[in-house]
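Asks: Could you have a look at this structure, given as C-alpha cells, before my questions?
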C-alpha cells in the first residue's frame with residue numbers, strides 16, 4: 001500500500017507545483033497587460049494630437065509660404081490677370097472712374113460754332129442715351145486694355161508692391177511706414193486708367209485727354225471679415241514648416257509606441273488623410289461665409305476667384321496629404337497577415353515568377369546579379385523606400401499626382417528588384433550561382449514571398465513592410 005500512497009503524494013506535489021506556476025504566471029500577466037494598456041493609450045493620444053495638428057500644420061506652411069515669399073505670392077496671384085471675372089470687374093471699375101470725369105458738353109468743342117445750337121439741342125434730347133453710349137464705348141476700350149498683355153504686367157507689378165500690405169493685413173503687424181487703415185488690400189488702377197485714356201483718344205474721343213490723373217482702387221482682399229483671426233495668422237506664420245513636422249513626428253511616435261504597429265499605422269494614416277479632408281471641407285465652408293459677408297458693391301464672382309486663387313496651393317496640399325495617407329494605409333494593410341493581403345501578395349509573386357520563367361526559357365541569365373540582389377534584398381527595399389520619401393520631401397510643392405507617380409515608380413522598382421532576385425535554392429540542392437548568402441545576411445525570400453522585405457509573424461513581405 002506504500003507504493004500507491006507514495007504515487008498519490010507525488011501527483012499531489014506535481015499538481016501543487018503546476019497551480020503555483022499558473023498563479024505566478026497570472027501575477028506576471030497583469031502588470032504586462034497594464035503596461036500594454038498604457039502603451040496603447042499614449043500611442044492613441046499621440047496619433048490623435050498629431051492628426052489634429054495636421055490641418056493647422058498645412059495652414060501654417062501655406063501662410064509662411066504665401067506671406068514670407070514675395071515671389072511665391074506673385075506666382076499665386078498672377079493667373080488672376082487673365083481671369084474673365086477679374087477682367088470684367090476691373091473694366092467696370094475703370095469705366096465708372098473715367099465716366100465720373102468725362103464732361104459730355106465738352107464733346108461739342110469740336111463742332112463748328114454755327115452748328116452748336118443744333119448739336120446742343122440734339123444733346124439735350126439724347127440725355128441718358130448719350131451717356132449710356134459713351135459709357136459703353138469707354139467700357140469697350142477698358143476691356144481691350146485689361147485683356148492685353150500690358151495689364152498682366154501692371155497686375156504683377158502692383159501685387160509685388162502690395163505684398164507687404166497683405167502680410168500686415170493678415171497678421172496685424174503695423175510696424176513700418178505702410179499702415180493698413182481700412183482693413184483691405186487694394187491695387188491702384190491708375191496705370192490701367194492711363195492706358196484706357198490713351199485708347200479713348202486714339203479712338204477719337206479726344207476729350208478723354210483732358211481727364212486728370214485718377215487713382216481708384218480694386219480690392220483684392222478685405223481683412224475685416226477675418227480680423228479676429230489676425231493673431232492666429234501671425235502665430236501660424238511664425239510656426240511655418242515646423243508645425244507640420246511636429247504633427248508628423250507625433251503620428252510617427254504614436255505608431256512606434258503602439259503594441260500592434262501595423263494596425264496603428266493603418267489607423268494613423270487614415271486619420272492623417274481624414275484630417276486633411278476636413279480642412280478641405282472647412283475651406284469650402286469658409287468661402288461661402290466670406291463671400292456672404294462682402295458688401296453688395298463687390299463682385300461675388302471676382303471675389304470668389306481671388307479666394308480660390310489665393311488658397312489653391314493650400315488645396316493642393318490637402319489633396320497631397322489625403323492621397324499620401326490613403327496610400328500608406330493601403331500598403332501597410334497589404335503587408336499584413338489578412339487573407340486578402342496574402343492573396344494580393346501571392347498574385348504579385350506569381351506574376352513575377354511567371355515573367356522570370358519566361359525570361360529563363362528565352363535564355364536570359366542574371367549571373368551574379370541575382371545572388372547579390374537576393375542577399376541584400378532588405379537593404380535594397382529600404383534604399384528604394386528612402387529614395388521615394390526623399391524625392392517627395394525635396395520636390396518643390398508636390399501635388400497629389402506627384403505622390404501617385406512616386407508610388408508607381410516605387411512599385412515598379414520593387415517589381416524589377418523581385419525579378420532580379422535569384423530564387424532561394426531548395427534544401428539539398430546546390431545554388432545556381434556562386435554568390436551565396438554573405439556573412440550576416442539573412443536568407444532571401446522564397447517562392448512564396450511578396451515583393452517587399454522584413455519577415456514577421458504571419459506577414460508576407462510586402463512592398464512597404466519596412467515602413468509599417
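A short reminder: the numbers here are calculations on the coordinates, not readings from a lab. From a predicted model like this one, the values you see are computed outputs, not experimental measurements. Cβ: placed from backbone, ideal geometry, glycine included. Neighbour counts: every protein chain shown.
Asks: What is the gain in length, in nm to one decimal, between residue 157 and residue 69 on full extension, counting 0.36 nm per residue of separation less the C-alpha to C-alpha distance?
Replies: Extra length available between residue 157 and residue 69 comes to 30.2 nm.
Asks: Also, I was wondering about something else. Using the Cα atoms of region 311-413 to build a convex hull, what is its mean projected area in square nanometres?
Replies: 8.3
Asks: Quick check: pseudo-label points 7 Å beyond the Cα along Cα→Cβ at residue 198 and residue 401, how many nm apart are they?
Replies: 3.8
Asks: Sticking with this structure for a sec: Which residues in region 83-97 have a backbone N closer than 20 Å to a point placed 7 Å from the Cα of residue 150 along the Cα-to-Cβ line?
Replies: Only 83-84, 86-97 fall inside the zone, counting backbone N under 20 Å.
Asks: Would you mind calculating the gained length between residue 307 and residue 392 on full extension (0.36 nm times residue separation, minus the Cα-Cα distance), in nm to one decimal?
Replies: Going from the current span to full extension adds 27.9 nm.
Asks: Next question, about the same structure. Could I have the simple spin-label model distance between residue 286 and residue 319, label points 7 Å from Cα toward Cβ, reported in nm to one decimal?
Replies: The two pseudo-label positions are separated by 1.9 nm.
Asks: Here's a follow-up. Starting from the 7 Å offset along Cα-to-Cβ, what nm value, one decimal, do you get for the label separation of residue 133 and residue 188?
Replies: 3.6
Asks: Right, next: Residue 259 to residue 14: FRET efficiency via 1/(1 + (r/R0)^6), r the Cβ-Cβ distance, R0 35 Å, to the nearest 0.05?
Replies: My answer for the efficiency is 0.50.
Asks: When ranked by the protection proxy of mean other Cβ atoms within 10 Å per residue, highest first, what sequence do the peptides 71-78, 312-319 form?
Replies: Listed from highest to lowest mean packing, they are 312-319, 71-78.
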